[in-house]
Amino acid sequence: MRYVEFRDVIQRELIGNPEGFTWAELKERLGLPYEQPCPDWINRMEQEIGLTRARGAKRTFTWKINSNK
C-alpha cells in the first residue's frame, strides 16, 4: 500500500465518522497491513488532510479530521 492509498482510505473513513477512531479501530475496520502507522505518514496527513490525534484513555489516540482544513 502506497502512502496516497493509505491517506485516502483513512480520510474517507474519518470524514464519515466525525467522532474519530483509534489506530486499532482503523486498522481492523479497514484491514490495514501495518502493525503501527508510519510517523512520517502521520505527519504528512496532519499537513495535507488536517488529521488530528487526541490522547484518549491509557495510551490511545483518537484520530479525527479537522473540518477547518
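The table for this structure:
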{"item": "Of (1) 11.0, 30; (2) 12.0, 36; (3) 10.5, 28, the label for Rg and Dmax of the Cα atoms in Å derived from the coordinates", "result": "(1)"}
{"item": "Relative contact order (%) - the chain, alpha-carbon pairs under 8 angstrom, separation at least six", "result": "36 percent"}
{"item": "Built amide H within the under 5 Å cut-off of Phe21, gap 5+", "result": "Trp63"}
{"item": "Potential extension, Lys58-Arg7 segment - 0.36 nm per residue separation minus Cα distance", "result": "15.8 nm"}
{"item": "Structure-based [θ]222 nm, the chain - -39500 (n - 2.57) summed over DSSP H runs of at least 4, per residue, nearest 500", "result": "-13500 deg cm²/dmol"}
{"item": "Segment 3-65, dipole about Cα centre (Lys/Arg Cβ +1, Asp/Glu Cβ -1), debye to the nearest 20", "result": "280 debye"}
{"item": "Charge-dipole axis of segment 3-65 as Lys and Arg at +1 and Asp and Glu at -1 on Cβ define it, positive-most pick from Gly56, Asn17, Gly31", "result": "Gly56"}
{"item": "3J(HN,Hα) from dihedral phi, segment 30-37, Karplus parametrisation 6.51/-1.76/1.60, rounded to Hz, x for glycine, proline", "result": "9, x, 6, x, 10, 5, 10, x"}
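A short reminder: the numbers here are calculations on the coordinates, not readings from a lab. None of the values given here were measured: they were computed from a predicted structure. Here Cβ is always computed from backbone atoms with ideal geometry, including for glycine, and neighbour counts include all displayed protein chains.
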